[in-house]
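Structure, as structure tokens:
The values are calculated or read from the model by the stated rules, or taken from the named source; none is laboratory data. The model shown is predicted, which means the values in this text are computed figures rather than measured ones. Positions of Cβ are backbone-derived with ideal geometry, glycine not excepted, and every protein chain shown enters the neighbour counts. In case anyone asks, the SASA skips ligands and DNA or RNA and just uses the protein heavy atoms, side chains included. Shrake-Rupley method; radii C 1.70, N 1.55, O 1.52, S 1.80 Å.
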Amino acid sequence: TLTLTLTLEKKNLGATAHSDFYQASVMCFGISDQVSKSMTTDIPTEIESVHWRKTIEEAYDDYVASSPLYYLKRARTPILISHGANDKRVPPSQSKILFNALKRKGNVPTRMVLYGKEGHGYKRYANRLDHSLRTMRWFNHYLRPDMSEKDRRALSPPRAEVDYGGTQRRRKSSRGLPKSRL
């Protein structure tokens, strides 16, 4: 068993802000913009009442500085983004914003999966399995020890389809299955 303990003195530990530190990342139900999230969530006072004890008016610069979008210029880490399509806590638009921004940037391998009929957390077994398989495949793809940093950054994301062990039949309809965006 390998135990790794890291102590970092960095305020923002996200992969967009610190692409020199992270080789691959997965964002689930993630926040890309704290300002817009605080205005669209079902608990708009969460940050001020639970985390920072300051309102958005008192700490606007902190809200911006803790948002991955603020560090978009630095972003190079391959990122798999997943979200429940019916999430009220962190609206799916948060994931869509980061996904679209990274795709526009063009040099960050990115994939996004929206799970229909899911909220803030995957309750359906099939979606938990799908997400777990995608996550393992993502990290296996980008964290190969024989790969240089330059090659890792240039590598395209793994294919969108997931192999569930050959036990699934082809379906005529994709209704109810996760939607992956390239």
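Can you give me the long-range amide H partners of Met27? Hydrogens built in the peptide plane at 1.01 Å from N, cutoff under 5 Å, separation of 5 or more residues or another chain.
Excluding prolines and chain starts, which carry no amide H, the hits are Leu80, Ile81, Ser82.
For region 120-134, take each phi angle, set θ = phi - 60°, evaluate the Karplus expression 6.51 cos²θ - 1.76 cosθ + 1.60, and give the result in whole Hz per residue in order, putting x for glycine and proline.
With coefficients 6.51, -1.76 and 1.60, one gets 8, x, 9, 8, 7, 4, 4, 6, 5, 4, 4, 4, 4, 5, 5 Hz.
Net charge around Thr41, counting only other residues with Cβ within less than 14 Å of its Cβ (Lys, Arg = +1; Asp, Glu = -1)?
Cβ neighbours under 14 Å give a net charge of -2.
What is the local net charge at Val26, summed over the other residues whose Cβ is closer than 11 Å to its Cβ (Lys, Arg +1; Asp, Glu -1)?
Once all neighbours under 11 Å are counted, the net charge is +3.
Given the whole protein assembly as supplied and a 1.4 Å probe, what does the accessible area of Phe139 come to in Å², nearest 10?
Probe radius 1.4 Å; accessible area of Phe139 about 70 Å².
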